[in-house]
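Some notes on the structure that comes next.
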Amino acid sequence: MLIRVLGSAAGGGFPQWNCGCPNCRGLREGTARATARTQECVAVSADGCDWLLLNCSPEIRQQIESFPGLHPRGPRDSPIAGIVLTNGDLDHCLGLLSLRESHPLVVYATEAVRRGFVEDNVLYRTLERFPGQVTWRTLKLGGEDEIAGLGVAALAAPGKAPIHLEHRAPAGPEDNIALRIRERQTGRVLAYASAAAGVTEEMRRTFDAADAVFFDGTFWSSDELPALGLGTKRAEEMAHLPVGGPGGSLAHLAGVPARRRVYIHINNTNPMLREDSAERARVDAAGWEIAADGLEVRL
Ligand code: MLT
Ligand code: MN
Ligand code: ZN
């Protein structure tokens with residue numbers, strides 16, 4: 001299985017257009033040892049020919065161009081065999097509307113995420129230019145779908161509905177999922193949880209049996225945004241388990257034996273983005289990696 005990170009940042013990217021935090025400012029001024037990142041999107045393939053996208057970021061056009069494996073092989077073509085949405089956040093879905101040039105798309109999502117994107121959304125009509133432009137395939141919790149030589153299973157992950165849908169529908173376990181992606185031929189497993197407010201027992205069992213784990217690296221600390229004067233919400237209120245601290249994911253997932261353990265969906269404020277920070281040293285020492293755009297993992 002080949003995993004190619006197209007985008008590794010949380011919503012807003014790094015740097016973020018309206019952000020003057022130390023990281024974003026330092027990156028623009030060339031004083032921070034850090035690399036720019038686009039918003040989270042990952043391509044996975046069993047054979048290097050057909051690709052499955054995990055999420056579809058607002059930067060999808062540029063991300064497809066950045067990777068020759070996703071370029072058309074004919075006058076009208078795409079090696080993208082399917083797109084999986086792990087939740088309805090706009091940094092995960094908005095790119096679908098950019099893929100509107102009359103190409104059939106197959107999108108895998110829970111019914112709650114599909115409904116949230118399609119219903120009351122007049123812009124969705126741009127993906128209804130011809131019958132069958134988008135085929136939705138329902139991901140059922142506990143089920144497994146076969147996509148281009150990969151077995152894809154959805155696990156409920158602690159999370160929440162996207163901001164624009166909060167309070168419109170009751171919260172439910174289909175709002176946010178983690179994925180277990182098993183390559184049929186080799187049995188190798190990628191566990192993918194780019195947004196998680198916590199780790200359920202089922203998620204932990206899946207992580208413990210995976211060859212690679214990608215996990216939510218949004219915030220280092222609970223009060224990262226308020227401490228920088230950038231907002232009032234704590235990490236937990238945004239449904240992201242922080243990386244650092246006694247209850248953080250670095251401590252929580254310390255025993256996970258996977259060969260590759262990778263943080264993704266990293267917010268631009270996170271101090272671990274700075275290669276010379278104490279936080280980065282802690283992540284390195286624990287054997288975790290920090291995804292960057294272009295990272296490839298072969299299992
Ligand atoms: C998140 O990851 O918490 C969301 O992408 C935030 C947002 O939609 O702005
Ligand atoms: Mn996000
Ligand atoms: Zn910033």
Please give the net charge around GLU201, taking every other residue with its beta carbon less than 15 angstrom from that of GLU201, where Lys and Arg add +1 and Asp and Glu add -1. +1
Segment 257-299: C-alpha gyration tensor shape, a/c 1.5 cut-off, then a/b vs b/c: oblate
Could you order THR232, THR86 so the one with the most accessible surface comes first? Probe is 1.4 Å. THR232, THR86
In a solvent-free Debye calculation with one equal scatterer on each Cα, what is log10 I(q)/I(0) for segment 23-121 at q = 0.14, 0.20, 0.23, 0.24 Å⁻¹, listed in the order of the q values? -0.60, -1.00, -1.21, -1.28
Put +1 on the Cβ of each Lys and Arg and -1 on the Cβ of each Asp and Glu in the chain; which of PHE207, ALA9, GLY82 then has its Cα farthest toward the positive end of the dipole? GLY82
Computed magnitude of the charge dipole of the chain (debye, nearest 20; Cβ of K, R +1, Cβ of D, E -1): 300 debye
Please work out the FRET efficiency for the pair ALA278 and LEU90, using the Cβ-Cβ distance as r and a Förster radius of 51 Å; give the result to the nearest 0.05. 0.95
Label-point separation (nm) for ARG25 and ARG184, each offset 7 Å from Cα along Cα-to-Cβ? 5.4 nm
Rounded, prolate or oblate: which fits segment 135-217 when a ≥ b ≥ c are the square roots of the eigenvalues of the alpha-carbon gyration tensor, with rounded for a/c under 1.5 and prolate only if a/b beats b/c? oblate
Where only alpha carbons of the chain are counted, the Rg and the Dmax (Å): 18.2, 54
Quick calc: nm separation of the 7 Å Cα→Cβ label points for THR135 and HIS167 -> 4.0 nm
Contour minus end-to-end for ARG76 and VAL122, with contour as 0.36 nm per residue of separation and end-to-end as the Cα-Cα distance? 13.9 nm
Using a 10 Å cut-off on Cβ atoms, rank the peptides 45-54, 212-221 from the highest mean neighbour count down. 212-221, 45-54
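The values are calculated or read from the model by the stated rules, or taken from the named source; none is laboratory data. None of these values were measured; they are calculated from a predicted model. With ideal geometry, Cβ positions are generated from the backbone for all residues, glycine too; neighbour counts draw on all protein chains shown. Each accessible area value is taken on the protein alone, full model and side chains, heavy atoms only, with ligands, DNA and RNA left out. Shrake-Rupley method; radii C 1.70, N 1.55, O 1.52, S 1.80 Å.
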